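Taking it in order: structure first as structure tokens, then the write-up.
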Amino acid sequence: IWVGVLTWRQSSMGATDHVSAIVLGRCLTYTRNMHPELRNQDCKKILNTFTSAFVSKDPCNITKEDYQPLIDLVTQTVPCNKTLFWSRSKELAHQYSGIQKEMFTLEDTLLGYIADNLVWCGDPRTSEVKEEFCPYRNENCSSTATSVFWTVVSQKFAESACGTVYVMLNGSGTTAFSKASTFGSVEVFNLHPDRVHTLHAWVMHDIGGVERDSCLGSSIKELKSIVNQRNISFFCQDDYRPARFVQCVRHPEHPSCSVLM
Ligand code: N1C
């Protein structure tokens, strides 16, 4: 039995039903099929710990502490030099890590995998599964079950990274680096300088799209300065070739996809 309200509406508010079933199914897929080295993880316990974080609670006031039992329960280490952060470039980052299988985005770890693209929440008035609505995050509702989850797991993901870490950024949006993003507000500040010596940024541009920002732009200068102040070296590359080739699958005729380029 689950107690709580789990919704993922397809409507304008964006959520869907069956989050518990999806989470349990994804956990089993991940631990039994994709990463059998984690096969002794207890997915029912993971599901119950996940839902306990927010069921029967105010959906606007979830705290980091609410998710602490889940973080403590699911410990998974990513090998050094294999962490890939992303910001505003989720699809390409996942396509790339899907091919370059030794790289891990957060969604390639168990906690990120079970929650990716879901929206969920609880309701203090009921312990039943409610199939309706989760409030959007805004000024009056700043700590939703979903947003706090990503903050907590992103923090943990960054804290445990080591060696050289990578971030894929989007140079076709307004700014490649944004201090308001989870990457810019949580992950960068939770890298441990004693364990992470270098951050490599890849600024990717949509093929045939605009190039609004690049490694030479001011947002990357700001990122470099934050990272260097934290005693971590910084390198930036525009259109990192291996990721560009992933983009080229959809644009094989584009000049930048030619091997001669
Ligand atoms: O705010 P962002 O990007 O910079 O967050 C991305 C950054 C990645 O490096 C991840 O490790 O933070 C982590 N992360 C997720 O893995 C994730 N999956 C899904 C953060 N947010 C994540 N989501 C949802 O996307 C979540 O609802 C959050 O608000 C967005 C952030 O996307 P973004 O702005 O492109």
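Helix-only arithmetic for the chain: the sum of -39500 (n - 2.57) across DSSP H runs with n ≥ 4, divided by the residue total, places the mean residue ellipticity at 222 nm at -9000 deg cm²/dmol. For the range 181-261, the relative contact order comes to 35 percent (Cα pairs under 8 Å, sequence separation of at least 6).
Starting from the Kirkwood radius over alpha-carbon pairs of the range 221-261, derive D by Stokes-Einstein at 25 °C in a medium of 0.890 mPa s and give it in µm² s⁻¹. Rounded to a whole number, D works out at 200 µm²/s. Just checking the listed ones, S20, S154, S181: in the Gaussian network model of the chain with Cα springs under 10 Å, the one fluctuating most is S181. The length gained on full extension between N81 and S256, counted as 0.36 nm times the residue separation minus their Cα-Cα distance, comes to 60.2 nm. Per residue, the convex hull spanned by the alpha carbons of the range 27-150 comes to 126 Å³. Between L216 and R241, the modelled label-to-label distance comes to 2.1 nm, taking each label 7 Å out from Cα in the direction of the beta carbon.
Seen from T49, the other residues with C-beta closer than 14 Å to its C-beta sum to a net charge of -2, counting Lys and Arg as +1 and Asp and Glu as -1. Each semi-axis of the equivalent ellipsoid for the range 60-213 is √(5λ) with λ an eigenvalue of the Cα gyration tensor; in descending order they amount to 28, 20, 15 Å. Non-local lysine pairs in the chain, meaning eight or more places apart or on different chains, with alpha-carbon distances under 19 Å, amount to 11. Restricting the range 70-117 to GluC sites (Glu not before Pro) that sit in a DSSP loop and have at most 13 other Cβ atoms within 10 Å of their own Cβ leaves E102. For the chain, modelled as a GNM whose springs connect Cα atoms under 10 angstrom apart, the maximal fluctuation among Q100, Q41, Q229 occurs at Q229. Surface composition of the range 120-261: carbon and sulfur atoms hold 52% of the protein heavy-atom accessible area at a 1.4 Å probe. Please work out whether the range 142-216 counts as rounded, prolate or oblate from its C-alpha gyration tensor, where a ≥ b ≥ c are the square roots of the eigenvalues and a/c under 1.5 means rounded, while otherwise a/b larger than b/c means prolate and anything else oblate? In terms of gyration-tensor shape, oblate. Note on the chain: Kirkwood hydrodynamic radius from all Cα pairs is 19.5 Å, rounded to one decimal.
The values are calculated or read from the model by the stated rules, or taken from the named source; none is laboratory data. Since this is a predicted model, take the numbers as computed values, not measurements. Because the Cβ atoms are built from the backbone with ideal geometry, glycine has one as well, and the counts that use them run over all protein chains shown. With ligands, DNA and RNA removed, areas are computed over all heavy atoms of the protein, side chains included. Shrake-Rupley method; radii C 1.70, N 1.55, O 1.52, S 1.80 Å.
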